[in-house]
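**Q** Just dropping this structure here.
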Amino acid sequence: MLDTLFSPRSVAVIGASRDEAKVGHVTLRNIKRAGFAGAVYPVNPKSDEILGFKCYPDIASIPEQVDLVVFVVPPKVVLSLIDEASAKGAASAIIITAGFKETGPEGAKLERELKAKIDANGMRVLGPNCLGLIDTASKLNASFAPGMPAPGKIGFFSQSGALCTAILDWALAEKVGFSKFVSLGNKTDIDEVSMLSVLGDDDGTDVILGYIEGVKDGQKFMEVSREVSRKKPIVIVKSGGTEAGARAASSHTGTLAGSENAFNAAFHQSGIIRAKTIEELFDFALAFAYQPVPAGNRLAIVTNAGGPGIIAADAAERTNVRLAGFEKNTIDTLRANLPSTAAVYNPVDVIGDAAADRYKVALDAVAADPGVDGVLVLLTPQDMTEPVDTARLVASTSNGEKPILTSFMGGLKISEAVNFLREEKVPNFPYPERAVAAFDAMCSYSEQRKMPERKLERFDVDKETVERVLADALSEGRLSLGEQDARQVIQAYGFRVPGSLLARTVYDAKFAAEKMGYPVVMKIVSPDILHKSDIGGVKVGLADSEEVWQSFHDMTTRAKRLMPEAQVWGVSIQEMVAGGKEVILGMMRDPQFGPLLMFGLGGIYVEVLKDVTFRVGPVDRREAVEMIRGIKSYGLLRGARGEKPVDIDAIVDSVLRLSQLVTDFPQIVELDINPLSVFPKGREPVAVDARLTITGGDKS
Ligand code: ADP
Ligand code: MG
């Protein structure tokens, strides 16, 4: 896939120039310098020869077929030459030229025309508005980047060209090698999903790094990432730029959701490691590129100074990394061979005056311990410290079985050692916290890879009823559905709801309450009142007809006073659901990823507590369980202080039913079931309240 883009047999550079200051010159020079073995055809009507290559006046005069065309000419010229390039046999193009959609409506129009043209020709295109690409295997540097990285196992793609040059410069300084290096630009055709598949299939790539500001097709992105992340780690930095899709929300879920939560959920669910900063991207890249993935999260720390050891241990405490407990054997060895002042438990402190030999004893012992999954070596340069010798022995211990990371701290005294570590592919971090964070990233990848494949379940449901309720609402022009309609929708998908009778008059209300049996709940019924409690529209525990009488008058008068515009249909008399715990289940349709499901502790305080988790739907059982276990107050559901635990499986089923509902009905854009009352095993959850919003028009 995309072979002609990354390893073409021939390349034409349209807009090649003799002027050394021009991109058209730099690009051609990069192609030449990197040692590309295929044919190179500069195209420029004003020159006969550039940089030793014969130059052609136009694409048509090139004598042979061309695989790849690189455009460095103004936007309109690019547009006019696509057909010609295609006629020459070019299956791929790199459009370095800027001036398309990034410049405004005029440019956006040009880019749409460009897209139509390349689609019509079946051409694959990188850019426009990009730096180009580098492939170290085919020795192609079709970019105007300042330099060529060494060959290596890291594949990189970026939506920002500027970041590409920064990463490249870092790579050159750190001697980090790359397989493919791609600047995506405006992503008119080739985007992050294409790159994930290419790098996923590429045998020369062991680690995938990316920088994105948004994704074009969230569900596709997740599907491809899920597959690729089983083969190799994907580390991505994602920065803002996507809030444009946010809309005013009328549900709790909508208020709490947001694109950050969607991205975090999507990354987590598809096995992508999210680097929070560029620094983390670099750190994680080194760890994954140079060291094996650990089997588990148990870390051994070897240090010659107490403080950094404690800092590392604290850092581990804040993550999923655990300090390994050593076997007796290991401890005996350490005790027998280290001075009596040394600490032989984790972190192992070989003491400030340790030379390299003491590090060797400790390192060999802990690395051999079966309870250790990875080792972090810390070093601070005292007078008797031997940084280079220590680096040498760390490198010789690093044998590809268990990951070894180092944090040699300091500057001058350790610089030679750090260079040595770099050459030997031992990732060194200037501070222990960063080393621990990198190990943590490796652990979560290791964990993720062990997860079973996703398996979606389906319940037997009544789709027709939902179709009818939604269609009726739409035909009446109602896009916001209150409890009366929403309960029918969720009931059709297997949710239980409390018995409920609509009462238009106070007599109806009394009659209904008697029929229901006291105590009852009274709620205002109005298509215009979404948050009923806010205006005193919910009364629980009404014990007799007197209270029903009183409440009816209070509630309807208050509704008229506080929301004079609201159309009030009456009240509902509801069965009182007591003795449960209240949780919230919700969904908000994210503009990039689709249905973003939410779970949390519910009731009227949900927006205050914000103790909620998110996943992109549809979810499977394992993901649903994770959502529920993920809230901070999960302990409350498990039963605190002698309380009976609630039936977690029943909540899991509820999440799955909701997931199925919002997958089946893409026109539902927001939905809250709040609260869902849940109980100990033996009693089914009850959806005490629900509301949803639908869209009338086309969702895409
Ligand atoms: P809204 O969310 O529109 O304010 P709800 O129907 O969720 O209205 O009612 C508010 C609160 O009242 C709920 O969180 C729940 O604690 C309680 N409640 C509502 N209906 C019942 C019921 N049938 N049984 C028991 N408690 C209820
Ligand atoms: Mg509610």
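The values are calculated or read from the model by the stated rules, or taken from the named source; none is laboratory data. Given the structure is predicted, the values throughout are model-derived calculations rather than measurements. Here the Cβ is made from the backbone with ideal geometry for all residues, glycine too, and neighbour counts use every protein chain on show. All accessible areas refer to the heavy atoms of the entire protein, side chains included, with ligands and DNA or RNA removed. Shrake-Rupley method; radii C 1.70, N 1.55, O 1.52, S 1.80 Å.
**Q** Which lysines have a Cα lying under 22 Å from the Cα of residue 232, excluding residues fewer than 8 positions away in the same chain?
**A** 153, 175, 180, 220, 276, 402, 425, 450, 455
**Q** Here's another thing I want to ask about it. Between 470, 592, 489, whose Cα lies farthest towards the positive end of the dipole of the stretch 462-593 when Lys and Arg beta carbons carry +1 and Asp and Glu beta carbons carry -1, centred on the Cα centre?
**A** 592
**Q** Write down the Å³ per residue value for the convex hull defined by the alpha carbon atoms of the chain.
**A** Output value, Cα hull per residue: 192 Å³.
**Q** Taking the Cα atoms only, what angle lies between the long axis of helix 328-337 and the longest principal axis of the chain, rounded to 10 degrees?
**A** 40
**Q** For the stretch 503-653, please report how many Lys pairs fall under 15 Å Cα to Cα, leaving out neighbours fewer than 8 apart on the same chain.
**A** Taking the stretch 503-653 as the scope, the lysine pair count is 8.
**Q** Could you work out the percent of alpha carbon pairs in the stretch 124-247 separated by over 19 Å, rounded to a whole number?
**A** Of all Cα-Cα pairs in the stretch 124-247, 44 percent lie more than 19 Å apart.
**Q** How far, in nm, would the chain grow between residue 533 and residue 9 when pulled straight, counting 0.36 nm per residue and subtracting the alpha carbon separation?
**A** Once the chain is fully extended between residue 533 and residue 9, it gains 181.6 nm.
**Q** Given H placed 1.01 Å from N in the peptide plane, which residues other than close sequence neighbours of residue 94 have an amide H under 5 Å from its amide H?
**A** Distant-sequence amide H within range of residue 94: 69, 70, 71, 126.
**Q** Now for a different question. Which order do you get for 531, 25 if you rank them by accessible area with a 1.4 Å probe, largest at the top?
**A** Putting 531, 25 in descending order of accessible area: 531, 25.
**Q** How far is it, in nm, from the label point at residue 213 to the one at residue 65 when both lie 7 Å from their Cα along the line to the Cβ?
**A** 3.8
**Q** Where does the stretch 46-112 land on the Kirkwood hydrodynamic radius, alpha-carbon pairs, in angstrom?
**A** 13.1
**Q** For residue 396 and residue 173, compute 0.36 nm times the residue count separating them, minus their Cα-Cα distance, and round to one decimal in nm.
**A** Extra length available between residue 396 and residue 173 comes to 77.9 nm.
**Q** Could you give the dipole magnitude of the chain about its Cα centre, charging the beta-carbon of Lys and Arg +1 and that of Asp and Glu -1, in debye to the nearest 20?
**A** It works out to roughly 180 debye.
**Q** Let me check I have the definition right: for the stretch 537-593, take the eigenvalues of the Cα gyration tensor, multiply each by 5, take square roots. What are those semi-axes in whole Å, largest first?
**A** Result for the stretch 537-593: semi-axes of 29, 21, 8 Å.
**Q** Write out the chymotrypsin sites (Phe, Trp or Tyr not before Pro) in the stretch 384-477 meeting two conditions: DSSP loop, and at most 14 other Cβ atoms within 10 Å of their Cβ.
**A** For chymotrypsin sites (Phe, Trp or Tyr not before Pro) across the stretch 384-477 that sit outside H, G, I, E and B with at most 14 neighbouring Cβ atoms in 10 Å, the list reads 459.
**Q** For the stretch 319-414, just the Cα set please: Rg and Dmax, both in angstrom.
**A** According to the Cα coordinates of the stretch 319-414, Rg and Dmax are 12.9, 39 Å.
**Q** For a quick size check, give me the Cα extents of the stretch 539-669 along its three principal axes, largest first, whole Å.
**A** So the extents along the principal axes, rounded to whole Å, are 49, 43, 25.
**Q** Once the Cα atoms of helix 192-201 and of the chain are each reduced to a long axis, what angle between those two axes, in degrees from 0 to 90 to the nearest 10, is obtained?
**A** So the helix axis and the longest Cα principal axis differ by about 60 degrees.
**Q** If you count the DSSP beta bridges with both ends in the stretch 111-181, what percent of them are antiparallel, to the nearest 5?
**A** Roughly 55 percent of the beta bridges in the stretch 111-181 run antiparallel, per DSSP.
**Q** Still on this model: To check you understand DSSP bridge types, tell me what percent of the beta bridges within the stretch 253-399 (both residues inside) are antiparallel, rounded to 5.
**A** In the stretch 253-399, DSSP labels about 10 percent of beta bridges as antiparallel.
**Q** While we're on this one: Going by average Cβ neighbours within 10 Å, how do the peptides 318-325, 195-202 rank, with the highest at the top?
**A** The most tightly packed comes first, giving 195-202, 318-325.
**Q** Between residue 162 and residue 502, how many nm apart are label points set 7 Å from Cα along the C-beta direction?
**A** It is 5.8 nm.
**Q** Summing Lys, Arg as +1 and Asp, Glu as -1, what charge do residues with Cβ under 15 Å from the Cβ of residue 342 carry, residue 342 excluded?
**A** Result for the local shell: -2.
**Q** If you restrict to DSSP beta bridges whose two residues both lie in the chain, what percentage is antiparallel, to the nearest 5?
**A** Approximately 50 percent, going by the DSSP bridge assignments.
**Q** Now a separate question. Which ³J(HN,Hα) values in Hz, rounded to whole numbers, follow from the phi angles of the stretch 552-568 under the Karplus curve 6.51 cos²θ - 1.76 cosθ + 1.60, where θ = phi - 60° and Gly and Pro get x?
**A** Whole-Hz 3J(HN,Hα) from phi for the stretch 552-568: 4, 5, 4, 5, 6, 5, 4, 4, 5, 6, 7, 10, x, 7, 5, 8, 9.
**Q** With a cut-off of 17 Å, note down the residues of the stretch 153-168 whose backbone N falls inside the zone around a label point 7 Å from the Cα of residue 277 toward its beta carbon.
**A** Under 17 Å, as judged by backbone N against the label point of residue 277, lie 167 of the stretch 153-168.
**Q** Loop only by DSSP, 11 or fewer other Cβ within 10 Å of the Cβ. Give me the GluC sites (Glu not before Pro) in the stretch 529-601 that pass, ordered by residue number.
**A** 565
**Q** Now for a different question. Using the Cα centre of the stretch 377-470 as the reference point, and only Cβ charges (+1 on K/R, -1 on D/E), how large is the resulting charge dipole? Debye, rounded to the nearest 20.
**A** The dipole magnitude comes to about 140 debye.
**Q** Right, something else. By how many degrees, between 0 and 90 and to the nearest 10, does the Cα long axis of helix 483-492 differ from the longest principal axis of the chain?
**A** The helix 483-492 is inclined about 70 degrees to the chain.
**Q** What FRET efficiency do you get for residue 197 and residue 562 if R0 is 56 Å and r is their Cβ-Cβ distance, rounded to the nearest 0.05?
**A** Plugging the Cβ-Cβ distance into 1/(1 + (r/R0)^6) gives 0.50.
**Q** Around residue 671, what is the net charge, scoring Lys/Arg as +1 and Asp/Glu as -1 over all other residues with Cβ under 11 Å from its Cβ?
**A** Net charge in that neighbourhood comes out at 0.
**Q** Now a separate question. Over all distinct Cα pairs, what is the inverse of the mean 1/r for the stretch 73-178, reported as the Kirkwood hydrodynamic radius in Å?
**A** Averaging 1/r across every pair of different Cα atoms and inverting gives 15.0 Å.
**Q** Cα to Cα, under 16 Å, and not fewer than 8 places away if on the same chain: which aspartates and glutamates meet these conditions relative to residue 115?
**A** 83, 84, 102, 106, 189, 191
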